[in-house]
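Single-structure report; data block below.
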Amino acid sequence: MHGYDEPVYQISVVAKALNIHPQTLRQYEREGLITPSRTNGKIRLYSQKDIDKINLILRLTRDLGVNLAGVDIILQFKDQIDSYESEIEDLKYELAKLKNQGMVPAQKSLVTKKSVYEIILFGK
């Protein structure tokens with residue numbers, strides 16, 4: 001069994017599995033959408049993570065009609081969101097750890113401001 005990030009699949013295997021032409025994979029690489037690993041002999045090797053990303057690209061282009069420039073922007077936003085989510089999880093963990101110790105330093109405390117709104121309905 002191979003790891004999710006371990007590059008093990010050659011371009012011909014990936015192309016056949018995804019039912020696309022190998023040239024499509026080369027184009028995605030030229031566009032900077034994917035970056036397969038390479039052996040010393042310059043053979044492209046793809047990981048399962050790469051294949052999942054290619055599947056996302058295919059879904060965006062085929063099913064949703066997004067062009068490759070749009071796909072690039074979407075992937076950048078997705079990476080940014082993933083980074084933010086990871087940072088939020090780290091901060092939640094740190095805050096929980098501090099709360100368990102019975103103290104939360106002022107610089108790490110969470111302060112929320114609550115507002116009260118009144119709704120007045122006028123009848124005829």
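Every number here is computed from the coordinates shown, using simple stated rules; none is lab data. For clarity, every value in this text was computed on a predicted model and none was experimentally measured.
Relative contact order of the range 1-106: 24 percent, from C-alpha pairs under 8 Å at least 6 residues apart in sequence.
Can you list the aspartates and glutamates whose alpha carbon is less than 19 Å from that of Lys97, not counting same-chain residues fewer than 8 positions off? By straight Cα distance, Lys97 reaches Glu85, Glu87, Glu89.
Legend: residue pairs Lys42/Lys78; Lys42/Lys92; Lys16/Lys92, Cα-Cα distance threshold 31 Å; pairs beyond threshold, Lys42/Lys92; Lys16/Lys92.
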